[in-house]
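As structure tokens, the structure follows; a few thoughts come after it.
What follows is calculated from the coordinates using simple rules that are stated; it is not laboratory data. Bear in mind the structure is a predicted one, so any value in this text is a computation, not a measurement. Virtual Cβ from ideal backbone geometry, glycine too; neighbours counted across all protein chains shown.
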Amino acid sequence: MTQHLLVKFMLTIYALLFSITVTAAEPITEAQYSQGKEKSVVCMTCHGVDGISAIDTYPNLQGQKQAYFVAALRAYKLRQRNDGLAILMHSQADVLSDQDMLDIAYYFHHVKSEPIKNDH
Ligand code: HEC
């Protein structure tokens with residue numbers, strides 16, 4: 001009987017531990033991901049669908065930190081970033097609301113590339 005209770009107790013502990021680890025991981029919110037993806041269509045022409053740019057002077061956005069991403073967009077909007085190719089980003093940032101920036105940052109932070117097919 002005591003053994004039975006012990007097993008029950010252990011199972012409860014495992015269940016608790018498991019639920020803690022599951023909630024601790026950052027869940028990808030499908031809604032925000034697809035919102036961000038929709039809003040990123042124009043960005044993809046320069047930065048790539050998966051945030052890996054095809055042009056050497058255009059930065060990759062895949063996996064970028066979300067706070068940094070939003071700060072960069074705000075800096076373009078406020079013309080605090082002006083040098084180099086920043087001029088290309090001014091008109092892009094101008095039309096984005098704070099919510100757009102968050103959604104787009106969320107998309108590029110989480111997007112993954114398709115594995116390269118090696119069929120030759
Ligand atoms: C016409 C091409 C073009 C388009 C379209 C474009 N970008 Fe850019 N983006 C650039 C270039 C070039 C830079 C580098 C600018 C610089 O030197 O500051 C850049 C920089 C950035 C950066 C800063 C990256 C870093 O590491 O500091 C972010 C974030 C960014 N773009 C997001 C976006 C988003 C979001 C969109 C769509 C709303 C977008 N871009 C559309 C060309 C483009």
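A few notes on this one:
- Only one of the listed residues (A72, A54, A67) is among the hydrophobic types (A, V, I, L, M, F, W, C), surrounded by 13 or more Cβ atoms within 10 Å (Cβ to Cβ) and farther than 16 Å from K39 by Cα. That residue is A72.
- Top-ranked residue of the stretch 75-107 - restricted to ones that are under 21 Å from Q35 (Cβ atoms) and touching a Cys at 6+ places or on another chain (Cβ under 8 Å), ranked as surrounded by the fewest Cβ atoms within 10 Å (Cβ to Cβ): Q92
- Test: A67 is among the hydrophobic types (A, V, I, L, M, F, W, C) and near the ligand (Cβ under 8 Å from one of its atoms): no
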